[in-house]
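Down below is the structure, laid out as structure tokens.
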Amino acid sequence: MADPLRLGIAGLGTVGTGIVRIVQTHAALLEKRAGRPIVITAVAARSRTKNRPVDLSDYAWEDDPVALARRADVDVFVEVMGGSEGPAKASTEAAIAAGKDVVTANKALLAHHGQALAEAAEAKGHVIRFEAAVAGGIPVIKALTEGLAGNQIRRVMGVMNGTCNYILTRMESAGLPYDTVFEEARQLGYLEADPTLDVGGIDAGHKLSLLAAIAFGTKVSFDAVELEGIGRISIDDIRRAADMGYKIKLLGVAQMTGRGLEQSMSPCLVPADSPLGQLQGGTNMVVLEGDSVGQIVLRGAGAGEGPTASAIMGDVIDIARGTRLSTFGQAAATLSEPVAARATSPAPHYLRMELADKPGALAKVATVLGDEGISIDRMRQYGHADTSAPVLIVTHKCTREAIAHALSRLPATGVILGEPVAIRIENV
């Protein structure tokens, strides 16, 4: 019998206990698929006395995850603590220095330190696997590094934060304002301790930067991701967008252009009948476009005990089988320094504004748009109050700069009440 692959698990929260559960429940199945037994030898967590739903009595306990990473009876260090600094970073570095392979669900750690960690691991002939860090149980990393390795990737996009998708779809289905659903999500435990990681687009931006590095052969450049959260999306935007045949999603888009690498994570409109438009609740979806394969759509649970632990174990089994892949799909030393480019590729835009009830108000708006080279595709005006009227406009393709210039000029017309809203439309 082949020697067992010995795991050390740092972090025993929802995901960590999910990994333990899989190893304990499916030991025989894992051995058949991996070609060798997979066992847990040691664990580490902040509290030894916390009541957990799995039996840990057979495993050695380390209070310090760095000590766990250095243990001689650990072959693979499994990091599911989270955080870009502190114990997660120190213990991952210690594991690499000690000659261990690493499996992690930590997108923040890799978004900020992935290049250095990958170079260190690869210099020792070891691997860092991180399927669980992006889109939970969806095997998008494996799709990019293996299944689509023969393609030049043209674009990566998707809904990569289930909490934001839950908030937006709940607002629509229940007709509730953002603040109400935000608090509901907090009470349900859907939000991070720092909720801006979710609703500010930061968590999803981490994931997008990792996918972009693999897709385009560049060093991870999270700092270049253009971030805009969902806090400014109103129930009126959701209703009006639906009237025009669209849904609002926090959408990540990465593509390589002649100017450089575009990475943006921001609210966008997508056609209501598209796969992204039909995505409900906490589900994630990633769309990959290759020059040979065309468009691939991957959909599934983006978080939670089962899906994330499933992704961790997929990486563990690959290591047990002897699969050795570079962290980002090619040797870290060969990744290029990306040239950051603002996402200025022309696209249609949705505009919502409140116009004063004055003769010629709409004509003044149309003149400003025309002066900036923005043509109107569709327009809808709703029944109005005594002094104002809501107007929706869907433009033909135009640049973000053109939209920004037009919005800056509209107040001078004297017919705009409040602040206009402009949201990019992605036709997928």
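Listed peptides 64-77, 350-363 appear in the order 64-77, 350-363 once ranked by packing, highest mean of other Cβ atoms within 10 Å at the front.
Using only side-chain charges placed at the Cβ, +1 for Lys and Arg and -1 for Asp and Glu, the dipole size of the chain relative to its Cα centre rounds to 560 debye. Highest average first, the peptides 7-17, 177-187, 312-322, 148-158 ordered by how many other beta carbon atoms sit within 10 Å of their residues are 7-17, 312-322, 148-158, 177-187. Using the average count of surrounding beta-carbon atoms within 10 Å as a protection proxy, the listed peptides 80-90, 27-37 rank, highest first, as 80-90, 27-37. Its residue count N sets the reference 2.2 N^0.38 Å, and the alpha-carbon radius of gyration of the range 308-417 equals 1.87 times that reference.
Calculated [222 nm] ellipticity per residue, helices only, for the chain: -10000 deg cm²/dmol; basis is -39500 (n - 2.57) per DSSP H run with n ≥ 4, divided by all residues, nearest 500.
Relative to the longest principal axis of the Cα atoms of the chain, helix 361-371 runs at roughly 60 degrees. In plain terms, the bigger the Kirkwood radius, the slower the diffusion; for the chain, with that radius from Cα pairs, at 10 °C and 1.306 mPa s, Stokes-Einstein puts D at 69 µm²/s. Within the set Lys32/Lys142; Lys100/Lys249; Lys100/Lys207; Lys142/Lys219; Lys32/Lys249; Lys32/Lys207, which residue pairs have Cα atoms separated by over 30 Å? From Lys32/Lys142; Lys100/Lys249; Lys100/Lys207; Lys142/Lys219; Lys32/Lys249; Lys32/Lys207, over 30 Å: Lys100/Lys249; Lys32/Lys249; Lys32/Lys207. Semi-axes of the equivalent ellipsoid of the range 138-293 are 28, 17, 14 Å, computed as sqrt(5λ) over the eigenvalues of the C-alpha gyration tensor in descending order.
For the range 1-76, the share of alpha carbon pairs falling in successive 5 Å distance bins from zero is 3, 16, 27, 25, 17, 8, 3, 0 percent. Ranking Lys100, Lys142, Lys364 from most to least accessible surface, computed with a 1.4 Å probe over the protein chains only, gives Lys364, Lys142, Lys100. In the range 61-184, the portion of solvent-accessible area held by carbon and sulfur atoms comes to 49 percent [1.4 Å probe, whole percent, DNA, RNA and ligands not counted].
Got a sec? What order do Ser57, Ser375, Ser266 fall in by accessible area at 1.4 Å, biggest, i.e. largest, first?
Reading off the accessible areas and sorting them downward yields Ser57, Ser375, Ser266.
Considering only Val43, Val368, Val134, the Gaussian network model of the chain with Cα springs below 10 Å gives its largest mean-square fluctuation to Val368.
Shape analysis of the range 176-237 yields a ratio of the Cα radius of gyration to the Kirkwood radius, Rg/Rh, of 1.09.
The values are calculated or read from the model by the stated rules, or taken from the named source; none is laboratory data. Predicted model, so just to flag it, every value in this text is computed and none were measured. Glycine also receives a Cβ, built like all others from the backbone with ideal geometry; neighbour counts cover every protein chain displayed. We work out accessible area using only protein heavy atoms, side chains counted, and drop any ligands, DNA or RNA first. Shrake-Rupley method; radii C 1.70, N 1.55, O 1.52, S 1.80 Å.
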